[in-house]
Amino acid sequence: MSANNISIHSADGYNFYTITDNGRKTVIGGVPEKLKDRYIAEAKNASAIVLLTSKPEFCAGVGEVVAQNPDIEVYATAAGLRNIKEIINREINEKLIKDKTELDGLRFIITPGLPWVDTVSVIYGDTLFSGELFGDYSENLAVNRDFVVSALDTLEKYDILRIYPAKGDIVSDKDSAFLQYREFTAEEKAEKTRISIIYSSEYGFTKALAEYAKCKLEKDFDVYFTEAKSADSDMVNKSDILIIGTNTINRNAPQSVWDTITRIDLVNKRGMPYFVFGSFGWAGDGIKLVDKTLQAMGMKQISKPVEVLFAPSDKDFEQMNKAIAKVVSTNI
């Protein structure tokens, strides 16, 4: 097994590869739509295709290759095989990839979450075909941190000299690449539990409740406190507990609150404890909708919402105090 058997096909920042070994040609990876003609030209007379992921961005041309060469072997994980048949809408000569198995000199390492659950990395000799890992991928590292760390822990056990990614430049210094990704994915250790208090307030009533919560919590917690329109999604996603205060406009929460919610990282923050409160003038639909949405997203409700009609009274602040006590006692 030699790197001399590998041909690199690159265009517009994307790469796919062919391995020719003992008269057998294998295509590793895939390309987007604009590069499919080059891919088809290489793959149509190959013995096999190895799909590193069924993400459609890397599947252009696979249907045409199978149409021209129905016997071509298509290797993918169970999820990848299912997906590719639905993407190209035709049957294939499917070959199931199992974790840490070897075939014709190719060792398959299932590395889920990079970017999809079906993702696989391939080792050929001392070469790693890494898909999006070690390529043009840094913008997704925070979202997939645990998956990246797991992949690094597995892959660093192998004698790898070079890395061929699906996007970006070939990596010739494996140790530096692994070190860089370790630094990218290192968790920042906080001395205190982090709480984000994000609020939207039309007349100051919800803001008063938010400020009350901040005053009660900031002594014992690291509190990120801001209006929803100014919320930093990175700060929210670094938090251990989320508290959202919302007013209600036209039977809904304002757009700034929904913008905050849609930027929550549900890969890593699923199950994060949360609490919702707010002031309203009629039915308080915005508060209810936000609470139900966070539950539907798989987050953990600390307390039922505190819903206040217009200006908060002493009784309302007492309800907030009970909810805050539950926040304080929450196990992270």
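Here, each number is a calculation from the coordinates, and none is a lab measurement. Predicted model only: the values in this text are computed from it and were never measured. When we count neighbours, we look across all protein chains shown, and the Cβ atoms used for this are built from the backbone with ideal geometry, even at glycine.
Considering only TRP116, TRP282, TRP258, the mean-square fluctuation computed in a Gaussian network model of the chain, springs between alpha carbons under 10 angstrom, is largest for TRP282. Treating each Cα of segment 88-173 as an identical point scatterer and summing with the Debye formula, the log10 of I(q)/I(0) at q = 0.13, 0.17, 0.19, 0.21 Å⁻¹ comes to -0.43, -0.72, -0.88, -1.04. Using the Kyte-Doolittle scale, which helices in the chain average at least -1.0 and also have C-alpha atoms spread 20 Å or more along the helix axis, with helices defined as whole DSSP H runs? Once both thresholds are applied, what remains is 314-328.
Exposure proxy ranking for ILE92, ILE84, based on other Cβ atoms within 10 angstrom of each Cβ and starting from the fewest, stands as ILE92, ILE84. Considering segment 3-185 at the alpha-carbon level, its Rg and Dmax are found to be 15.1, 45 Å. The mean sequence separation of alpha-carbon pairs under 8 Å and at least six residues apart, normalised by the residue count of segment 3-185, gives a relative contact order of 16 percent.
Between LEU289, VAL27, VAL117, the Cα set farthest toward the positive side of the dipole of the chain (charges on each charged residue's Cβ, about the Cα centre) is that of LEU289. A straight line joining the Cα centroids of segment 274-307 and segment 210-250 runs 14 Å.
Candidate cross-link partners of LYS322 among the aspartates and glutamates, defined by an alpha-carbon separation under 15 Å and a same-chain spacing of 8 or more, comprise GLU307, ASP314.
Taken over segment 174-302, lysine pairs spaced eight or more positions apart, or on distinct chains, with alpha carbons under 14 Å apart number 7. Where is the GNM fluctuation largest for the chain (alpha-carbon springs, 10 angstrom cutoff): LEU289, LEU103, LEU51? Greatest mean-square fluctuation among the candidates belongs to LEU103. Taking only C-alpha pairs under 8 Å that are 6+ residues apart, what is the relative contact order of the chain in percent? Normalised by residue count, the contact order of the chain is 10 percent.
Loop-only trypsin sites (Lys or Arg not before Pro) in segment 236-332, please: DSSP not H, G, I, E or B, and at most 15 other Cβ atoms within 10 Å. Listed in order of number, the matching sites are ARG251, ARG263, ARG270. Each Cα pair under 8 Å and six or more residues apart adds its sequence gap; the mean of these over the residue count of segment 172-254 is a relative contact order of 38 percent.
For segment 120-245, taking the reciprocal of the average inverse distance between every pair of different Cα atoms yields a Kirkwood hydrodynamic radius of 17.3 Å. Charging the Cβ of each Asp and Glu at -1 and of each Lys and Arg at +1, and nothing else, the dipole of the chain about its Cα centre rounds to 820 debye. Note on segment 144-256: dipole from Cβ charges, positive end direction compared against THR193, LEU217, LEU152; the farthest Cα belongs to LEU217. With springs connecting C-alpha atoms under 10 Å apart, model the chain as a Gaussian network and identify which of ASP159, ASP175, ASP314 has the largest mean-square fluctuation. In the Gaussian network model the winner is ASP314.
Summing Cβ point charges (Lys, Arg +1; Asp, Glu -1) relative to the Cα centre of segment 203-332 gives a dipole of roughly 340 debye.
For the chain, would you read off the P(r) tail past 37 Å as a percentage of all alpha carbon pairs? Of the Cα pairs, 38 percent sit more than 37 Å apart.
In units of the compact-protein estimate 2.2 N^0.38 Å, segment 12-86 shows a Cα radius of gyration of 0.99. Taking the DSSP beta bridges with both ends in the chain, the antiparallel portion is around 40 percent. In this structure, THR154 and ALA11 have a Cβ-Cβ separation that, at R0 = 22 Å, corresponds to a calculated FRET efficiency of about 0.15. Across all Cα pairs in segment 194-322, the calculated P(r) in 10 Å bins from zero up to the longest distance comes to 14, 51, 32, 3 percent per bin. The sum of -39500 (n - 2.57) across all DSSP H runs of n ≥ 4, divided by the residue count of the chain, sets its helix-only mean residue ellipticity at 222 nm to -9000 deg cm²/dmol.
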